[in-house]
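Comments concern the structure below.
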Amino acid sequence: MGSLDRFRQPATYTTPAEGDQLIVQQLRRLGVDLNQPREVVHFVYFPTEEDAEAAASELREDGYTVEVQPSADAETSPPNPWLALARKNAVVDEASVEVMRPRFEALAAARSGEYDGWEAAAG
């Protein structure tokens, strides 16, 4: 496994929170030291560039590096064609993922957006 390997939610799970926990379990099974911070990337989509920039500003205050850009399928995928791609080095474990998801879901909901989950570097 290379240091750039990343893990996202598996295709089958009942709730997004269950998918988050499955990622943690998969990392643990692979022998990843979950006590060590790793890059975590969050995908949050918004209806306007202004909404994405406002969310990005909040996230930057929390130490995230955020890129705002049109989503890959912005032309064909309304209603949220703007992506705020947020990155931060953080510990990923059962407790931290329970906090991450509600934070990002609330951020998206406040601006009629959508949180599409996260991925974490394995190494």
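The values are calculated or read from the model by the stated rules, or taken from the named source; none is laboratory data. Quick caveat: nothing in here was measured; it's all calculated off a predicted structure. Please note: Cβ atoms are built from the backbone with ideal geometry, for glycine as well, and neighbour counts cover all protein chains shown.
Could you tell me which of the residues Pro70, Pro79, Pro47 is exposed (fewer than 12 other Cβ atoms within 10 Å of the Cβ) and either polar (S, T, N, Q) or more than 12 Å from the chain's Cα centre (by Cα) (or both)?
Pro79
Pull up segment 1-42, narrow it to residues that are surrounded by 12 or more Cβ atoms within 10 Å (Cβ to Cβ) and among the basic types (Lys, Arg), then point me to the one that is modelled with the highest pLDDT.
Arg38
For Glu61, indicate whether it is within 12 Å of Gly113 (Cβ to Cβ), of a type in the set (Asp, Glu), free of Cβ contacts under 8 Å to residues at least 24 places away in the same chain and loosely packed, with under 14 Cβ neighbours inside 10 Å. Walk me through how you get there before you give the answer.
Details: within 12 Å of Gly113 (Cβ to Cβ): no; of a type in the set (Asp, Glu): yes; free of Cβ contacts under 8 Å to residues at least 24 places away in the same chain: yes; loosely packed, with under 14 Cβ neighbours inside 10 Å: yes.
Spelling it out, it is not the case that Glu61 is within 12 Å of Gly113 (Cβ to Cβ), of a type in the set (Asp, Glu), free of Cβ contacts under 8 Å to residues at least 24 places away in the same chain and loosely packed, with under 14 Cβ neighbours inside 10 Å.
Which condition breaks for Arg38 when tested against (1) within 15 Å of the chain's Cα centre (by Cα); (2) under 14 Å from Tyr115 (Cβ atoms)?
Of the numbered conditions (1) within 15 Å of the chain's Cα centre (by Cα); (2) under 14 Å from Tyr115 (Cβ atoms), the odd one out for Arg38 is (2).
Out of everything in segment 82-118 that is over 14 Å from Val44 (Cβ atoms) and among the aliphatic types (A, V, I, L, M), what residue ends up being farthest from the chain's Cα centre (by Cα)?
My answer is Ala95.
All but one of (1) crowded, with 19+ Cβ neighbours inside 10 Å; (2) on the phi > 0 side of the Ramachandran plot hold for Ser112, so report the exception by its number.
Evaluating Ser112 over (1) crowded, with 19+ Cβ neighbours inside 10 Å; (2) on the phi > 0 side of the Ramachandran plot leaves (1) as the failure.
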